[in-house]
1. Filter region B:335-362 down to the residues that are farther than 16 Å from B:Gly408 by Cβ and not hydrophobic (A, V, I, L, M, F, W, C) and list them by number.
2. In this structure, is B:Gly176 surrounded by fewer than 19 Cβ atoms within 10 Å (Cβ to Cβ) and modelled with pLDDT under 95?
3. May I ask you to list the residues in region B:88-101 that are surrounded by fewer than 23 Cβ atoms within 10 Å (Cβ to Cβ), facing chain A (nearest Cβ under 7 Å) and either of a type in the set (Phe, Trp, Tyr) or closer than 21 Å to A:Val469 by Cα (or both)?
4. For region B:422-447, give me the residue count where each residue is within 22 Å of B:Gly218 (Cα to Cα), of a type in the set (Ser, Thr, Tyr) and not in a helix (DSSP H, G or I).
5. Of the conditions (1) within 8 Å of chain B (Cβ to nearest Cβ); (2) touching a Phe, Trp or Tyr at 6+ places or on another chain (Cβ under 6 Å); (3) of a type in the set (Val, Ile, Thr); (4) under 20 Å from A:Lys398 (Cβ atoms), A:Val439 fails just one. Which one is it?
6. Just to be sure before I move on: is B:Asp178 in contact (Cβ under 8 Å) with a residue 24 or more places away in the chain, more than 30 Å from A:Pro408 (Cα to Cα) and within 9 Å of another protein chain (Cβ to nearest Cβ) in the structure I sent?
7. Condition check: of a type in the set (D, E, K, R) and modelled with pLDDT of 95 or more. Does B:Glu450 satisfy that?
Amino acid sequence: MSNLIFEKGNFGREGVSVPAAAKPKKDIYSSIPDTFLAKKNYDFPYLSELDVIRHYVNLSRLNFSIDTNFYPLGSCTMKYNPKINEELSSMKGFVNLHPYQDQEDIQGALYIIHDLEKMLCEITGMNRFSFQPSAGAHGELTGMLMIRAYHCAKNNKKTKVIVPDSSHGTNPASAAMCGYEIVQIKSNENGLVDISELKKNIDKETAAVMLTNPNTLGLFEEEIKEIADISHAKGALLYYDGANLNALLGITNPALMGFDVMHINLHKTFATPHGGGGPGSGPVGVTKELIEFLPVPLVDKKDNQFYFNYDFPRSIGKVKAFYGNFLVLVKAYIYILSVGGLGLKEISENAVLNANYLKENLKKYFDLPYDKICMHETVFSAARQKQENDISALDIAKRLIDYGIHPPTVYFPLIVKEALMIEPTETESKETLDNFIEVMKKIYAESKTNPQLLKEAPHNTPVRRLNEVKAAMDLDLRWNPQKPFDNHR
Amino acid sequence: MAYISNTEKQKKEMLAVLGLSTVDSLFASIPASIRLKKPLNIKGSLSEPELIRELEQIASKNNSIDKINSFLGAGCYEHFVPSAVRYITSRTEFYTAYTPYQPEASQGTLQAIYEYQTYICLLTGMDITCASLYDGASSCAEAVLMAHRVNGRNKIFIASNLHPEYKRVIYTYSCGFDLDIKEIPCNAEFLLNLDFISRNLDEHTSSILIQNPNFFGGLEEVEKITQIAHQKGALVINSVYPMSLGILKTPGEMDVDIVVGDGQSLGNGMNFGGPSFGFLACKKEFARKMPGRIVGRTVDKDNKEGFVLTLQAREQHIRREKATSNICSNQSLNALAACVYFASVGPIGFKKISQACCDNAHYLYEKLSSIKDLVFPLRGIFFNEFLIKLPMDAKELLAELEKHKIIGGLNVTKFFPEINHAILVSCTELKTQAQIEDYSDKMSKIFRKEKINTKI
C-alpha cells in the first residue's frame with residue numbers, strides 16, 4: 001500500500017505556481033473584519049508537483065479499469081469508453097461555459113441538449129426528457145416525484161409503490177424518498193414478475209409499479225403488456241428503470257412496452273465513463289401526460305433560437321442546480337452521432353450475443369437458475385460450489401482478480417443464492433470471452449481440487465481480503481494530524 | 001462505428017455454439033407486438049474527422065468565458081485548474097473504473113477517496129464526510145433530510161438568502177416528507193435577521209440551514225446563529241463556498257453540525273453547471289445517519305493497511321427502502337479532482353488563491369464605490385462577491401457592458417423579483433488588474449452618461 005499523501009512532502013515545499021492578486025493587498029482600501037478570518041493554517045502537506053503526480057499515478061495503477069481489464073460487472077454495462085468523446089467534450093467551448101450566460105452565448109450547448117433529447121425520444125419512444133438528474137438513482141427519484149405530482153394534481157389518493165424482489169435497491173429507496181410505502185412482490189419460478197402476485201397486491205392506492213426490463217436476471221419480461229394493463233387499470237403508472245436498456249436499442253422501447261416514466265443511465269448504455277463512481281447522468285423521460293411535471297427548465301426553440309423554458313407551473317421544481325451533468329451529455333451525444341441508428345441496434349444484438357455465448361459455455365460448470373436465452377447479462381449461482389466445497393460467490397469473485405479479470409456483480413439479484421451476475425457488453429471480443437471462460441473453468445476445477453486457494457484469494461493484489469467488520473466498527477474515515485504516523489512536520 | 005470487436009465470422013461461430021442461425025432469434029422472447037417496425041431514425045455514423053468538425057462547429061456557437069471578461073459567479077466560478085489535476089483525472093485507470101465494490105481491485109480509487117475525505121474534513125474543520133454527493137444543491141437537501149433523521153423533528157428554517165436554485169431543490173426533495181419549511185428573512189444588508197431566528201426557533205426545530213457567504217456575498221454571523229440554534233436543540237447546516245475557507249473561519253471552529261457545499265471551485269471547470277460535486281461533512285456522532293458512500297481504512301488478512309467502502313448498512317443496496325438515501329453513483333471523479341487540486345496547490349497556494357479572490361473583488365469594489373449612483377448594501381464586508389443596487393434596469397446595464405465584451409454580473413431580479421435593479425458581481429484569482437479596471441472604467445462611463453441623460 002502506498003503511504004498517504006499526508007505522509008509525504010516536506011514543510012515549506014511549493015507545489016504548482018498559483019496566480020497572485022491583481023493588486024497587492026496593501027493597496028486595497030477595504031477588507032474583511034478580523035472576526036470572520038481564520039487564525040491558523042491548514043494541515044495540508046507541502047508537496048511538489050512531482051510528488052503529487054507520482055503519488056496519484058501510482059495509486060491509479062492499483063485499480064482495475066475497463067482500459068486495463070475485462071470488467072463484466074453485471075448491471076453496470078462496463079463497455080469501452082471511446083476516447084474521441086473525452087477529447088471533444090473537453091473543448092474550451094464546453095468547459096468554460098457559465099450556466100448563467102445569456103442565451104445568445106450558449107446556443108451550441110442548448111443545441112446539444114435539444115438534439116440529444118430528440119435522439120433519446122426516438123430511442124425510447126418517450127415524448128420529452130429532462131437532463132437534470134446526475135445519476136440513475138437521481139433519475140428514479142425525479143421520476144417518482146413526478147409520479148407523485150401527477151397523482152396529487154389528479155387528487156388520486158396513492159400510498160404505495162410495487163417493486164419486484166429482483167429489483168435494484170435504488171428502486172425502493174427512491175420511492176421511499178417520495179413518501180411511498182413499498183410493497184415487494186415475489187418473482188415466479190421463471191424469474192419473471194408473477195402476474196397473480198401483482199394482481200393480489202395492486203389496488204387503487206398503488207401509485208406506481210417500478211420495473212427494469214430486461215430484469216436483473218437478464219430476462220425479458222414477456223408479459224410486460226399485461227403488466228402495464230393491470231397497472232393502468234388501477235390508475236398506477238409504470239416506471240422503467242433504464243439500467244438495462246443496452247439490451248433493447250432499436251429492437252423495442254419502453255413506450256411500446258407501456259411504460260410512462262423512465263430514466264436512462266448515460267454512463268451505462270451510452271458509453272460515458274463511470275469515473276470510479278461518477279459523474280454519471282440519469283436523464284428522465286416521460287410520455288406526454290407527464291411532461292408538465294418535468295423539472296425545469298427544458299430546452300425549446302423559438303424564432304430560430306434555443307432557450308430555457310421555465311414555463312411549467314406544475315413542474316416538480318429542481319433536483320440539481322443548473323441543468324445536469326452537461327459534459328456527460330456531450331459525451332453521450334458524440335457517442336450516438338458516431339454510432340448512428342443502425343449502430344445502436346447492432347450494439348444491443350452484440351451485447352446479447354456475447355452474454356448468451358458466456359452463458360452457454362459456462363452452464364456446464366455453474367448452476368444457471370433460469371436456463372433460457374438471456375438478454376445482455378446472465379446470472380449464475382455458486383450454490384453448488386457452496387454446498388460441495390464451501391466455496392462462495394465471493395471466493396470465485398476474488399479468485400478472478402488473481403487472473404486479471406474484474407469480478408462480476410455478486411450477491412445480486414437477491415433472489416439468486418450465491419449470485420454471479422455477468423454482463424460482458426458488446427465491445428468485448430470473442431477472444432476476451434474465451435479467455436474468461438477458460439479462467440472460470442480453471443476456477444471451477446480449483447474449487448474442487450484446492451478450495452483453500454479460492455478461500456484465500458486474491459493472492460497477487462496490493463492488499464488481500466480486507467477486514468470489513470473492523471472498518472465498520474473502528475471507524476477510520478480520514479487521516480488525522482494528531483496521529484503518530486504524522487511525519488511531515 | 002459501434003465499437004464492436006467481434007467480426008462477422010466470430011459472430012457466426014458464437015451463434016453456432018448457441019445452436020442459432022440468426023442474431024434475431026436471440027430476441028424471440030420479445031413479443032412481435034412490441035417490436036420496433038423500422039430502424040431508429042438517428043443520424044450517424046460519423047467518422048472521427050466528421051465528429052471533430054461537427055463538434056467544433058457546435059462549440060463555436062458558444063461564447064465561452066475565456067473569450068469574454070466575465071464577473072459572473074452565483075454558485076459557479078471561473079477558477080484556475082492546475083494541469084496536474086486534469087492529467088490525473090484523465091488517467092483511464094481512474095476514469096474507466098466503476099464504483100470500488102471490489103476493494104482488492106480498487107485500492108487506487110479507495111485511497112484517493114479517503115484522502116479526499118481527509119481534505120474535506122481539514123477544509124471544513126469537521127470530523128467526517130462522505131465520498132461526495134451530486135452537487136451543492138442536492139447536498140443541502142440531503143443535509144436537511146439527514147438532520148430530520150437525527151432528531152426526528154420536522155420544522156426546518158432555511159435562509160432566504162440561500163442560493164435560489166438550492167432552495168428549490170430542497171423544496172423538491174422534501175415534498176414526500178412531513179416537513180414544515182420556513183424561510184428566514186433578511187435585513188437591509190441582506191444578512192439574516194437574528195431576531196427572527198431567536199423568536200422562531202423552538203424545540204420542534206430540526207435544523208436551520210444557512211449559506212455563508214450568502215447568495216448576495218455577505219458574511220453571516222454564524223457563531224451567533226449557531227448558539228441560538230443549539231439552545232433550542234436544533235442542528236445547524238452551513239452551506240459554504242469552499243474557496244472562501246482559504247481565509248475565512250472554518251464552520252468546525254464555529255460549532256456548525258453539518259457542512260455542505262459545491263466542489264466546482266476545487267479543480268473542476270464550470271462545465272455549464274455540471275459535473276461538479278457536492279460534499280457533506282459533519283460531526284462524528286452522525287456517522288451512521290450520513291447519506292452516500294464512505295471509505296474507511298482497515299487492515300487485510302495479513303494485517304496490512306487498506307481501504308474499503310464502509311458503513312454500507314446505511315445504503316440502498318443493503319437497506320433498500322430503509323436506506324439513509326437512495327444515492328448510488330456520486331461524483332467520484334470530480335471529488336478526485338478536488339483531492340489532486342488540494343495536493344497540487346498545497347496549504348500556501350490554497351490560501352494565496354483564496355486571498356487573491358478576495359483581494360480582486362475588494363479592488364473592484366473600491367474602484368466601483370467611487371461611482372456615486374451605485375449602492376452597496378453589504379458595506380464592503382464580503383469575500384469575493386457582492387451585490388450592487390443600480391439606478392437603472394440591470395438588464396439594460398448588462399446589455400451595455402456586453403457590447404464591450406464584459407459580462408457584468410448576474411441580474412438578481414431574475415431570481416428575486418422583489419429586488420429591483422441589482423446585480424451580483426464576483427471576482428476570482430483569474431481576474432487581472434486590466435480586466436478589473438476595464439470593468440470599472442466602462443461602468444464609470446455608463447453612469448456618467450446616464451447622469452447626463454437624466455439631467456436633460
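1. Kept after step one, since they are farther than 16 Å from B:Gly408 by Cβ, are these residues of region B:335-362: B:335-359, B:362.
Selection gives B:Tyr341, B:Ser344, B:Gly346, B:Pro347, B:Gly349, B:Lys351, B:Lys352, B:Ser354, B:Gln355, B:Asp359, B:His362.
2. Working: surrounded by fewer than 19 Cβ atoms within 10 Å (Cβ to Cβ): yes; modelled with pLDDT under 95: yes.
Considered against the rule, which asks whether it is surrounded by fewer than 19 Cβ atoms within 10 Å (Cβ to Cβ) and modelled with pLDDT under 95, B:Gly176 comes out as yes.
3. Matches in region B:88-101: B:Thr99 only.
4. 2
5. Every listed condition holds for A:Val439 apart from (1).
6. Details: in contact (Cβ under 8 Å) with a residue 24 or more places away in the chain: yes; more than 30 Å from A:Pro408 (Cα to Cα): yes; within 9 Å of another protein chain (Cβ to nearest Cβ): yes.
So B:Asp178 passes the test.
7. No, not satisfied.
Okay, residues lined up against (1) within 16 Å of the chain's Cα centre (by Cα); (2) touching a residue at least 60 places away in the same chain (Cβ under 8 Å):
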{"site": "B:Thr92", "(1), (2)": "no, no"}
{"site": "B:Thr124", "(1), (2)": "yes, yes"}
{"site": "B:Ser139", "(1), (2)": "yes, yes"}
{"site": "B:Leu145", "(1), (2)": "no, yes"}
{"site": "B:Asn151", "(1), (2)": "no, yes"}
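The values are calculated or read from the model by the stated rules, or taken from the named source; none is laboratory data. Remember, it's a predicted structure, so these values are computed and weren't measured experimentally. Backbone-built Cβ (ideal geometry, glycine too); neighbour counts: all protein chains shown.
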